[in-house]
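This report refers to the structure that appears directly beneath it.
The values are calculated or read from the model by the stated rules, or taken from the named source; none is laboratory data. For clarity, every value in this text was computed on a predicted model and none was experimentally measured. Here the Cβ positions follow ideal geometry from the backbone for every residue, glycine too, while neighbour counts run over all protein chains shown. Side chains included, ligands, DNA and RNA excluded: accessible areas come from the protein's heavy atoms. Shrake-Rupley method; radii C 1.70, N 1.55, O 1.52, S 1.80 Å.
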Amino acid sequence: MPPLEYRYGTLFMSLLLLLVTPVLVPERLQMLGTSIVFTLVVSAGVGAVAETRRTFRAAILNHVLRADQVDAETLYGAVCVYFLFAALWGVLYVLTAGSRFDAGPMMYYSFVTITTLGYGDITPATELARLLALLEAVLGQLFLVILVARLVGVYTARRLSGKGQ
């Protein structure tokens with residue numbers, strides 16, 4: 001288990017590795033490589049939510065929102081929640097598309113949607129997929145706005161109280 005002070009940083013790095021695995025690993029080894037990195041992500045995720053070796057937090061988001069100070073780990077945790085949120089929507093897209101699409105393009109589409117970048121190279125074909133894309137874009141932006149407001153509020157309150165110096 002990673003030291004508690006690096007738990008979100010480790011999860012963040014493993015999530016980044018998961019995103020670049022399809023590019024770095026030869027096609028014939030992608031299933032194996034992705035499985036290995038996914039196992040690393042799950043392990044890092046369990047380590048990230050572990051308060052101690054015996055107890056677990058309910059969620060990373062809970063920890064980030066309840067933080068009484070903003071440090072690198074709080075920021076890594078927030079980014080991890082955002083990435084995990086996009087990955088969850090990618091899985092939803094795979095489930096709605098059925099066997100017509102691989103997970104890679106659906107994850108790509110999810111990240112393009114959550115950031116509201118919208119290249120337009122993949123478009124939802126069904127009403128359900130359109131609804132999911134709309135919800136992801138709106139919820140992704142709300143998440144960022146609310147989270148940034150919360151973190152700035154915590155940081156500002158701490159600085160004004162003199163504890164952040």
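For region 70-88, the count of residues that are open to solvent by less than 40 Å² (accessible area, probe 1.4 Å) and without any contact (Cβ under 8 Å) to a residue 12 or more places away in the chain is zero. Checking each residue in region 63-85 for being β-branched (Val, Ile, Thr) and either touching a Cys at 6+ places or on another chain (Cβ under 6 Å) or farther than 22 Å from Leu160 by Cβ (or both) picks out Val79, Val81.
Name the single residue that is farthest from Gly90 (Cα to Cα) among those in region 136-151 being touching a residue at least 24 places away in the same chain (Cβ under 8 Å) and not charged (D, E, K, R). Among those that are touching a residue at least 24 places away in the same chain (Cβ under 8 Å) and not charged (D, E, K, R), it is Leu151. Being among the hydrophobic types (A, V, I, L, M, F, W, C), over 22 Å from Leu16 (Cβ atoms) and in contact with a helix residue (DSSP H, G or I) (Cβ under 6 Å, 6 or more places away or on another chain) is a condition met by at least one residue of region 135-156.
For beta carbons closer than 7 Å, sequence separation of 6+ or different chains, a first residue in region 111-132 that is among the hydroxyl-bearing types (Ser, Thr, Tyr) and a second that is open to solvent by 60 Å² or more (accessible area, probe 1.4 Å) and not in a loop (DSSP other than H, G, I, E, B), the qualifying pairs are Thr116/Gln141. Exactly one residue out of Pro124, Pro105 is surrounded by fewer than 19 Cβ atoms within 10 Å (Cβ to Cβ) and in a loop (DSSP other than H, G, I, E, B): that is Pro124. Within region 44-67, can one find any residue that is over 18 Å from Tyr8 (Cβ atoms), in a helix (DSSP H, G or I) and among the polar types (S, T, N, Q)? Within region 44-67, not a single residue is over 18 Å from Tyr8 (Cβ atoms), in a helix (DSSP H, G or I) and among the polar types (S, T, N, Q).
Search region 131-162 for residues being among the small types (Gly, Ala, Ser) and loosely packed, with under 15 Cβ neighbours inside 10 Å, and hand back the single one that is nearest to the chain's Cα centre (by Cα). Residue satisfying both the conditions and the ranking: Ala149. Being modelled with pLDDT under 90 and of a type in the set (D, E, K, R) is a description that applies to Arg159.
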